[in-house]
Each structure stands twice: as C-alpha cells, then as structure tokens.
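Asker: For reference, the structure I am asking about is given below.
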Amino acid sequence: MSDIALATYRSEYAEQIARLTDLRDWRIEQAFAAVPRERFLPPPPWTTISVGIATQTHDVAALYDNVLVAIDQKRGINNGEPALHAAWLDALSPRPGETVIHVGAGLGYYTAILAHLVEPGGHVEAYEYEEDLAAKASRNLSDYSNVTVHAGSAFGRLLPQADVIYVNAGVAAPDAEWLKALKPGGRLIFPWQPHKGWGPAMLVHRRAGGFSAKALMTVGFISCSGTTEKTALPPAPTEAGLAAVRSIWLADVKSPDESALAVYGSVWFSSAKIDA
C-alpha cells in the first residue's frame, strides 16, 4: 500500500476518533493522523476486537478504526481502543515542553502519540514491565528522540518529576510515588480497579491543597504487572462510593478521616473536595 493511501487512512481515522470523543484539543487529532499504528503492532495477520468480536486480517486499513488490536492474546495484552485514549488525552491535555511518564507502554503506540503532543521541548519516560514488549517498544520508538523506554515496573520506585502521568494498566490503588512525582499543576490518569477487572478511570490534579480526583468513565484494563496491591480497608467501595471520590491523600501527609471511602497502605480516597 502506498504512503499516500496510508496517510489518507490515518487522516480519516483521526477524524473519526475526534468525532467519537468530541475532542477539544485539535492537536490530538493531528497526533493520531501522524502516527502509523501498524508500526507498533506484531506482524500480520492482526486480530482486531470490537464489541467482543475478534477478527483476523491482513488489511492494514482495518487497523484504522476504533478497535482494539491484540498484541498478545494469551497474556490479554492489547493495543487499546483509540477513542478511549483520545478522551483521556483530551482530559489531560499534554502540552509542548512537558514531561510525561507513561506506565504500561506496551509496544509504544500511545507513547508515540504522547511524544507528539509534548513537542517541541517535551519528553516521555515510558515504562513497560514485560521485557519482550519493552525491547520491541524501544525499537519501535527509536526515531523518537524525546522518548526513553525503561524495561521494568513503574510501581514502587522513585520517578522523575512529571507534568503528566498516563497509566495504561489497572490498579487497586495508585502508587504513592506517582502522586509524589507530580509537579504542581500536574495531572495523573489511571484505571482504578478495586473490583476485579473494572472500575473508573480517575483523573487527578495536583493542587496547592492536595490531590483532587474525579471519576471519568468505567473501564476494564489488564492489571498492572509488578505491583504489590493491598486489600482496601474498608472493603472496596460501591459504585456510588467510586463516583463520590473528590480527592486522594498520601497517608503519611494526612491520616484517613470520616471522609475516607477506601483506605490502602500508603494512599486513601476521600469524598472531601480540594481547594484550587
């Protein structure tokens, strides 16, 4: 297939994603149009997944739709749904010159999109726990001078200071180090999955008074590898409790109080609002 045909597919795909998510930031559409998805996937035949139906294809055009694409079906690892990621990116609004930490980079497709969004002057630190995927991501991203790929977990380790932390794997609670790594005004998004396999995508902002948080949408992600999750005390909150979260606290900064909705070893979720 010619480069012109591929560019046309990417452009139409990016327009579709923009319509599906009602994007506010036109740069996100540009990034989806610029990054060749097939470069960040296993060789064909590809397996696309839509509404739970898997289809095998050799047609690169099939990749330019709002579908999951399998990376490793046995491990349950996919290249995620583009519209979902576009909505997350729109909520975070990565800006030129910012530093991004990408947790769960996979083969690097959304890392590449993040890299576009922080140009010029920005940088992406990408972490991938699975060694084989990290090695492939490093090769796939070799032309991106503003990306560094780390083979290892981003959980429980000291991280560089960041404006944006983008987590592509489900966790029972965010790592305390993610919160500590956020710069003032920094943003974190992660799939909070206190119930096995599902939960809300949580958008967190570092404010002067603490970490504000709100649920965006219900999602289901593969669990974050390399974590040491603790059972929530009290038990995992109800759906109403999940929706009631307004802030997240570091336990060594503030002890849980009557506003606590879920308490973990080092962090806890609260219904109390944070002043801007």
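Rule-based calculations on the coordinates, nothing more; no lab input. Quick caveat, the model's predicted, so the values are computed rather than measured. Neighbour counts run over all protein chains shown; Cβ positions are idealised from the backbone, glycine included.
Asker: Have a look at Ala18, Pro82, Ala5 and report the one farthest towards the positive end of the charge dipole of the range 1-87, computed about the Cα centre with Cβ charges (Lys/Arg +1, Asp/Glu -1).
Answerer: Towards the positive end, the residue furthest out is Pro82.
Asker: With springs only between Cα atoms under 10 Å, which of Trp249, Trp26, Trp178 fluctuates most in a Gaussian network model of the chain?
Answerer: In the Gaussian network model the winner is Trp26.
Asker: While we're here: Show which lysines lie in cross-link reach of Lys136 when reach means a straight Cα distance below 25 angstrom and same-chain residues fewer than eight apart are skipped.
Answerer: Partners found: Lys74.
Asker: A further question follows. Using only Cα atoms, find the angle between the long axis of helix 131-140 and the longest principal axis of the chain, and express it within 0 to 90 degrees, rounded to the nearest 10.
Answerer: So the inclination is approximately 50 degrees.
Asker: Taking loop as defined by DSSP and a crowding limit of 10 other beta carbons within 10 Å, which trypsin sites (Lys or Arg not before Pro) in the range 38-115 fit?
Answerer: For trypsin sites (Lys or Arg not before Pro) across the range 38-115 that sit outside H, G, I, E and B with at most 10 neighbouring Cβ atoms in 10 Å, the list reads Lys74.
Asker: Right, next: At 0.36 nm per residue, and after removing the present C-alpha to C-alpha distance, how many nm does the segment from Glu239 to Ser142 gain when stretched out fully?
Answerer: Here the segment from Glu239 to Ser142 would lengthen by 30.7 nm.
Asker: Considering only DSSP beta bridges whose two residues both sit in the range 54-179, what percent are antiparallel, to the nearest 5?
Answerer: Counting DSSP beta bridges with both partners in the range 54-179, the antiparallel share is about 20 percent.
Asker: Let me ask you something else. How large are Rg and Dmax for the chain when only the alpha carbon atoms are used, in Å?
Answerer: In Å, with Rg to one decimal and Dmax whole: 18.4, 62.
Asker: Let me ask something else. Suppose every Lys and Arg Cβ carries +1 and every Asp and Glu Cβ carries -1, with no other charges. What dipole size does the chain come out with about its Cα centre, to the nearest 20 debye?
Answerer: Value, rounded to 20: 540 debye.
Asker: Sorted by average packing, counted as other Cβ atoms within 10 angstrom per residue and highest first, what order do 50-63, 256-269 take?
Answerer: Working: 50-63: 12.3, 256-269: 18.4.
Top to bottom by mean Cβ count within 10 Å: 256-269, 50-63.
Asker: Which length gain, in nm to one decimal place, applies between Gln161 and Asp3 when the Cα-Cα distance is subtracted from 0.36 nm times their residue separation?
Answerer: 53.0 nm
Asker: Arg207 to Asp59: extension gain in nm, 0.36 nm per residue of separation minus the Cα-Cα distance?
Answerer: My answer for the length gained is 48.6 nm.
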